[in-house]
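Data block below; observations after.
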Amino acid sequence: MMNTKITQHLLTIELQFDIQFPTLYKQFLVEIIQDQANYEIMDINQNYVSLYSYSDLIERNETYQIQEYEPDYLLIGQNGDQGYFIYVKPNHASEVIYINDLGALGSLEMQPIAPTINDLAMP
C-alpha cells in the first residue's frame with residue numbers, strides 16, 4: 001500500500017520541478033526507502049551508494065544545481081563525487097538509472113548503469 005504522506009510529498013516535488021517520477025522509482029521510494037534517512041546499497045559495480053529518501057531529494061538537487069545543468073534528470077543518490085540520476089522529463093520518464101561526475105554536470109553525458117532502480121543493487 002502506498003504511504004499517503006510520502007506520495008503527497010512526491011507529488012509536490014513533481015509540481016515544483018515540473019518532473020514526472022518513473023513508476024518503479026516512485027514505488028521504491030514509498031515502499032523500500034520510506035522514511036529512512038540513510039539508505040545504502042552496493043551497486044552492480046561494487047560501489048556503496050547512498051540513495052536519498054523522498055525528504056532529501058529537493059535539498060540535494062538544489063545544492064548541486066541539478067536542474068540548472070541537467071534539467072531532465074533528478075539526482076537520486078551518490079557515492080562521493082559520483083551522482084546517480086533518473087530521467088524525469090514529463091511524459092518521457094524512464095526507469096533507467098544513470099551515473100555522472102557531479103563536478104562535470106552539463107559537460108559529460110549521463111552514463112546508464114542499470115535498467116531500473118531495482119536492478120541497481122548487487123544481487
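Pull up the stretch 8-62, narrow it to residues that are surrounded by fewer than 13 Cβ atoms within 10 Å (Cβ to Cβ) and either touching a helix residue (DSSP H, G or I) at 6+ places or on another chain (Cβ under 6 Å) or of a type in the set (D, E, K, R) (or both), then point me to the one that is farthest from MET122 (Cα to Cα). Checked the stretch 8-62; the qualifying residue farthest from MET122 (Cα to Cα) is ASP18. For the stretch 67-99, filtered to residues that are small (Gly, Ala, Ser) and over 17 Å from LYS26 (Cβ atoms), the residue that is surrounded by the most Cβ atoms within 10 Å (Cβ to Cβ) is GLY83.
On the stretch given as the stretch 56-79, residues that are among the polar types (S, T, N, Q) and more than 21 Å from ASP35 (Cβ to Cβ) total 3. Restricted to strands (runs of 3 or more DSSP E) entirely inside the stretch 1-111, those with at least 3 residues that are hydrophobic (A, V, I, L, M, F, W, C) are 73-79.
When TYR39, TYR54 are screened for being under 16 Å from GLY83 (Cβ atoms), within 15 Å of the chain's Cα centre (by Cα) and not aliphatic (A, V, I, L, M), only TYR39 passes.
The rows are residues; the columns are (1) modelled with pLDDT under 95; (2) charged (D, E, K, R); (3) in contact with a Leu (Cβ under 9 Å, 6 or more places away or on another chain).
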site	(1), (2), (3)
TYR52	no, no, yes
ASN79	no, no, no
ASN91	yes, no, no
ASN100	no, no, yes
ASP119	no, yes, no
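Summed over the stretch 103-121, residues that are touching a residue at least 24 places away in the same chain (Cβ under 8 Å) and either more than 21 Å from TYR54 (Cα to Cα) or surrounded by fewer than 18 Cβ atoms within 10 Å (Cβ to Cβ) (or both) total 8. Filtered by the rule that a residue be among the basic types (Lys, Arg) and free of Cβ contacts under 8 Å to residues at least 40 places away in the same chain, the stretch 48-99 gives a lone residue, ARG60. Name the single residue that is farthest from ASN100 (Cα to Cα) among those in the stretch 36-47 being among the polar types (S, T, N, Q) and in contact (Cβ under 8 Å) with a residue 60 or more places away in the chain. So, considering only residues that are among the polar types (S, T, N, Q) and in contact (Cβ under 8 Å) with a residue 60 or more places away in the chain, the one farthest from ASN100 (Cα to Cα) is GLN46.
The values are calculated or read from the model by the stated rules, or taken from the named source; none is laboratory data. Please read these numbers as outputs of a predicted model, since none were measured by experiment. Here the Cβ is made from the backbone with ideal geometry for all residues, glycine too, and neighbour counts use every protein chain on show.
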